[in-house]
Amino acid sequence: MEANTLTSACSAVSFDIYETFASFMKDEEVLLHSAIIPLYCVSSYRDQISAPLAAILALTKLIETSGAGTMFELVKALNDGAEALKASNSNPISLNAGCELFIAFVTLLPHDSASFSDLKLELVRQGQKYAAEALTYRDKIANLALGFIKDDSVILTHSYSRVVMKTLLRAHERKRISVYVTEARPRGLGLRTYEELTAAGIPCTVVLDSAVSYVMDKVDFVLVGSEAVVESGGLINAVGSNQIAIIAQAANIPFYALAESYKFHRLFPLSQDDLPTHKPNILSFPLSSAGNVATPPSTGAIKPAHERDSNDKVRQMTAEQIACNPGVDYTRPDLITLVFSDVGSLTPEGVSQYLVGMFAG
């Protein structure tokens with residue numbers, strides 16, 4: 001008995017949840033060898049897994065290695081694991097949504113297990129079953145959104161989203177579409193969207209982030225992905241989504257968001273400052289050690305346009321300047337037309353109702 005307890009404790013101590021999480025994010029072979037994902041799913045799994053699902057899989061592995069002997073101990077271990085994952089990630093929003101969902105599932109699962117060990121095995125089985133089922137969510141969303149995409153549609157999308165890509169590629173199989181995609185600085189992920197859509201034969205043009213209002217009158221609707229959909233029915237997504245939604249509403253253009261249900265998150269931000277990713281340095285003014293506004297480093301004199309030659313470099317933000325800018329922003333629910341999810345097409349109010357039911361058991 002004591003030997004078994006010691007073995008379980010040692011196993012729990014040696015378990016690194018972040019390393020496990022990272023392995024699920026990057027290597028589908030881990031999924032195959034751990035028998036979490038059925039063999040027929042593994043071939044299509046590369047680049048498919050998102051942070052919330054990887055977090056759920058990591059917490060499932062934590063249960064397997066945990067020496068917890070009571071539900072209180074197990075939930076504490078899961079909460080500690082979730083906190084460790086959040087602390088190791090600069091943008092923990094979608095990751096936290098997955099942790100929150102799985103821990104709620106563990107506490108609400110009805111069971112008639114004969115022992116706590118049997119209950120843990122059942123929780124592991126159910127977690128693995130959910131992970132396998134979640135692989136189909138993007139297909140469900142793509143098929144649902146397809147009904148809202150008419151032939152010859154002109155679509156504006158932002159940055160890069162795997163569920164948006166799935167939807168656009170699915171639409172291209174059956175309809176004629178054209179796509180504008182924002183560059184999505186500073187990471188330039190919109191260029192990845194452009195490359196993949198162009199390779200698939202979809203007419204696509206990159207739009208400057210600052211030219212969204214210029215192009216809005218040319219599009220039929222906006223289609224974006226999500227980091228999370230929050231309790232208010234609002235959206236957290238790549239920075240720039242909020243301003244696109246504001247411009248779309250002013251132009252009377254529908255703004256659609258795509259989100260897997262494991263990204264539904266019990267957050268209720270009222271402003272950008274309420275986001276978990278907001279830090280004091282975001283959009284702050286640099287100060288010198290004396291407390292005065294710091295003098296920026298010299299980048300050379302700015303020449304008039306007629307004096308420039310081909311050797312002059314395009315000015316770019318420094319790494320320090322980029323670090324002082326947000327990576328995601330919050331879009332209010334009144335700016336969102338519909339949210340397409342694996343649980344259906346929902347209004348922002350419908351998202352709120354679904355979240356209440358999901359966490360009420």
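What to note about this one:
- Members of segment 158-181 that are outside any helix (DSSP H, G or I) and either aliphatic (A, V, I, L, M) or farther than 20 Å from Gln243 by Cα (or both): Lys175, Arg176, Ile177, Ser178, Val179, Val181
- Checking Phe15, Phe72 one by one, the residue that is farther than 18 Å from Ala134 by Cβ, modelled with pLDDT of 90 or more and among the aromatic types (Phe, Trp, Tyr) is Phe72 and no other.
- Here Phe116 clears all of (1) among the aromatic types (Phe, Trp, Tyr); (2) within 30 Å of Gly67 (Cβ to Cβ); (3) not assigned by the TED database to the domain that holds Gly69 except the condition numbered (3).
- All positions within segment 220-235 that are under 12 Å from the mean Cα position of the chain (by Cα) and of a type in the set (S, T, N, Q): Ser226
- Residues in segment 65-103 that are assigned to a helix (DSSP H, G or I) and either among the β-branched types (Val, Ile, Thr) or assigned by the TED database to the domain that holds Asn237 (or both): Thr65, Val75, Ile93, Ile103.
- Val163 fulfils the conditions (1) in contact (Cβ under 8 Å) with a residue 12 or more places away in the chain; (2) in contact with a Leu (Cβ under 7 Å, 6 or more places away or on another chain); (3) outside the structural domain of Phe340 (by the TED database) except for a single criterion, (3).
- The criterion of being in contact (Cβ under 8 Å) with a residue 12 or more places away in the chain, within 25 Å of the chain's Cα centre (by Cα) and outside any helix (DSSP H, G or I) holds for Ile155.
- Close Cβ contacts (under 7 Å, 6 or more residues apart or on different chains) running from residues in segment 247-265 that are polar (S, T, N, Q) to residues that are open to solvent by 20 Å² or more (accessible area, probe 1.4 Å) comprise Ser261/Asp342; Ser261/Val343.
- Residue that is surrounded by the most Cβ atoms within 10 Å (Cβ to Cβ), among those in segment 331-361 that are modelled with pLDDT of 95 or more and more than 15 Å from Ala259 (Cα to Cα): Leu335
The values are calculated or read from the model by the stated rules, or taken from the named source; none is laboratory data. Because the structure is a prediction, the values reported are computed rather than measured. We place every Cβ from the backbone using ideal geometry, glycine too, and count neighbours over all the protein chains shown. In case anyone asks, the SASA skips ligands and DNA or RNA and just uses the protein heavy atoms, side chains included. Shrake-Rupley method; radii C 1.70, N 1.55, O 1.52, S 1.80 Å.
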